[in-house]
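Undergrad: I'd like to ask some things about the structure below.
Laboratory data are not the source of any read-out in this text; all were calculated from the coordinates shown. Please read these numbers as outputs of a predicted model, since none were measured by experiment. Note: ideal-geometry Cβ built from the backbone for every residue, glycine included; neighbour counts use all protein chains shown.
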Amino acid sequence: MRIFPLLAVPLLASTAAPAQGPAMHVSGWARATVPGQTGSAAYLTIHNGERSGDRLVAVTTPAAAKASVHVTTTAGGVVRMRSAGAVPVGAGQMVEMKPGGLHVMLTGLESPLRVGEQLPLTLRFARVGTVRLAVPIRLQASDAGHHQH
Ligand SMILES: [Cu+2]
């Protein structure tokens, strides 16, 4: 085995402050349920402040048996939902989920989603990894369009 001498590594004068975690900003809201309803949806706004493109590959929540990203399409007056697969978020780009478009489908809710409470979500991105957040539960996208930070 070779033993390497310790080298004095000069500190880079221009080193930026330690990374504060990925510059992936996520906000959003989840729709409150009505009695008896065991499914709902969450709508997220994802802003990729990273220098590289990324992809949202999975969403989970302890509040529901299953969470998956869906896209709603309307063709010939027929509204359909299908899995959106991995959602690309380009460098510096924003993806905005909205009713009637991209959404996080929640099925098998453990308990009702009540207005004023929060829904915890864990997002998994291909590059930056895991991003956790809690989104407010609302009746509708009343004040959507405004960033929370
Ligand atoms: Cu759906």
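Undergrad: When Lys and Arg each count +1 and Asp and Glu each count -1, what net charge do the other residues less than 14 Å away from Ala32, Cβ to Cβ, add up to? Present the calculation step by step, with values, prior to reporting the outcome.
TA: Details: positive: Arg31, Arg114, Arg138; negative: Glu117.
With Lys, Arg at +1 and Asp, Glu at -1, the neighbours total +2.
Undergrad: Along region 82-89, what does the Karplus equation 6.51 cos²θ - 1.76 cosθ + 1.60 (θ = phi - 60°) give for ³J(HN,Hα), rounded to whole Hz, x for Gly and Pro?
TA: For region 82-89, the Karplus curve yields 9, 4, 8, x, 6, 9, x, 10 Hz.
Undergrad: Using 0.36 nm times the number of residues separating Glu117 and Lys66, minus their current alpha carbon distance, what extension gain do you get?
TA: On the way: separation 51, 0.36 × 51 = 18.36 nm, distance 1.93 nm.
Result for the pair: 16.4 nm of gain on full extension.
Undergrad: Rounded to the nearest 0.05, what FRET efficiency do Gln37 and Ala86 give with R0 = 25 Å and r taken as the Cβ-Cβ distance? Could you check? Could you put the intermediate results ahead of the total?
TA: Numbers: r = 28 Å, r/R0 = 1.12.
Between Gln37 and Ala86 the formula returns 0.35.
Undergrad: Describe numerically, in nm with one decimal, the distance between label points set 7 Å from Cα along Cα→Cβ at Met94 and at Ala134.
TA: 2.5
Undergrad: Tell me the net charge near Thr60. Cut-off is 12 Å between Cβ atoms, Thr60 excluded, with +1 for each Lys or Arg and -1 for each Asp or Glu. If you can, show how the numbers build up before the last one.
TA: Numbers: positive: Lys66, Arg124, Arg132; negative: none.
So the environment of Thr60 carries a net charge of +3.
Undergrad: Here's a follow-up. Stokes-Einstein D for region 38-149 at 20 °C, 1.002 mPa s, Kirkwood Rh over Cα pairs, in µm²/s?
TA: On the way: Rh = 14.8 Å.
The Stokes-Einstein estimate is 145 µm²/s.
Undergrad: If you build the Cα gyration tensor of region 58-102 and take the root of 5 times each eigenvalue, what three semi-axes come out, in whole angstrom, biggest first? Working shown, then result.
TA: Working: eigenvalues 82, 61, 15 Å².
Semi-axes, largest first: 20, 18, 9 Å.
Undergrad: Sticking with this structure for a sec: Once you charge only the Cβ atoms, +1 for Lys and Arg and -1 for Asp and Glu, what is the size of the charge dipole of region 24-138 about its Cα centre, to the nearest 20 debye?
TA: Charge dipole of region 24-138: 140 debye, to the nearest 20.
Undergrad: Using each residue's phi in region 28-37, evaluate 6.51 cos²θ - 1.76 cosθ + 1.60 at θ = phi - 60° and report the 3J(HN,Hα) Karplus result to the nearest Hz, with x for Gly and Pro.
TA: After applying 6.51 cos²θ - 1.76 cosθ + 1.60, I find x, 7, 10, 7, 5, 9, 9, x, x, 7 Hz.
Undergrad: Given Cα pairs under 8 Å that are at least 6 residues apart, what percent is the relative contact order of region 70-149?
TA: Working: 73 pairs, mean separation 16.4, N = 80.
The normalised contact order for region 70-149 reaches 20 percent.
Undergrad: How charged is the neighbourhood of Thr130? Take every other residue with its Cβ under 13 Å from the Cβ of Thr130, and add Lys/Arg as +1 and Asp/Glu as -1.
TA: Working: positive: Arg124, Arg127, Arg132; negative: Asp54.
So the surrounding residues net to +2.
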